[in-house]
Amino acid sequence: MRIAIASDHAAIDLKAQLAAFLREQGHDVTDLGPQEGESVDYPDYGYKLAAAIASGEAERGVALCGSGIGISIAVNRNPACRCALVGEPLSAALSREHNNANVIAMGARLTGPDMAKACLSAFLSTEFADAHDSNGRHQRRVAKLSNPAL
């Protein structure tokens, strides 16, 4: 799977660990930065990640900052993205199963590397419940996330 990953300075170490973990699993990973530990603005990297998802450059995304909150808000500004902030594997799986999330967000100050890997594994291994049924109840609701007029 093609996966884009981005963070702010607070999550640069977790980003490196998760990128290595994903590559070990055989995924094609694009690291959108930052590469150094200098202070950066999380919206800039959230917008970069959202653009990669919206353009089709990446199928899934991983957004990281200190709490996960700020970068998830930035990613969700793009209507092509459904970014879920998670802290444990069940929420990660449900974000895919019910909401067809295409980006997972986590906070490096709140989620350790092992838990982050477990969340990421659950996120990537769970299919959308309505993947094979375009008239399903979840698909109808997910469609409204990008188009409230539906």
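Worth a mention:
- Selection of the stretch 42-99 for residues being closer than 17 Å to LEU145 by Cα and among the basic types (Lys, Arg) yields ARG77, ARG82, ARG96.
Conditions (1) out of contact with any Ser or Thr (no Cβ under 8 Å at 6 or more places or on another chain); (2) assigned to a helix (DSSP H, G or I); (3) touching a residue at least 60 places away in the same chain (Cβ under 8 Å), marked per residue:
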{"residue": "ILE53", "(1), (2), (3)": "yes, yes, no"}
{"residue": "LEU64", "(1), (2), (3)": "no, no, no"}
{"residue": "ASN78", "(1), (2), (3)": "yes, no, no"}
{"residue": "ALA105", "(1), (2), (3)": "no, no, no"}
{"residue": "LEU110", "(1), (2), (3)": "no, no, no"}
{"residue": "ALA118", "(1), (2), (3)": "yes, yes, no"}
{"residue": "LEU124", "(1), (2), (3)": "yes, yes, yes"}
{"residue": "HIS138", "(1), (2), (3)": "yes, yes, no"}
{"residue": "ARG141", "(1), (2), (3)": "yes, yes, no"}
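- Among the residues of the stretch 1-54, the ones that are more than 19 Å from PRO113 (Cβ to Cβ), in contact with a helix residue (DSSP H, G or I) (Cβ under 6 Å, 6 or more places away or on another chain) and loosely packed, with under 14 Cβ neighbours inside 10 Å come to 1 in all.
- Being over 11 Å from the mean Cα position of the chain (by Cα), of a type in the set (Lys, Arg) and either farther than 18 Å from ILE3 by Cβ or assigned to a helix (DSSP H, G or I) (or both) is a description that does not apply to ARG96.
- Flag for LEU145 being at negative phi and either modelled with pLDDT of 95 or more or in a helix (DSSP H, G or I) (or both): yes
The values are calculated or read from the model by the stated rules, or taken from the named source; none is laboratory data. It should be emphasised that the depicted structure is a prediction, and the values quoted were computed from it without experimental measurement. Every residue, glycine as well, gets a Cβ built from its backbone with ideal geometry; the counts of neighbours run over all protein chains shown.
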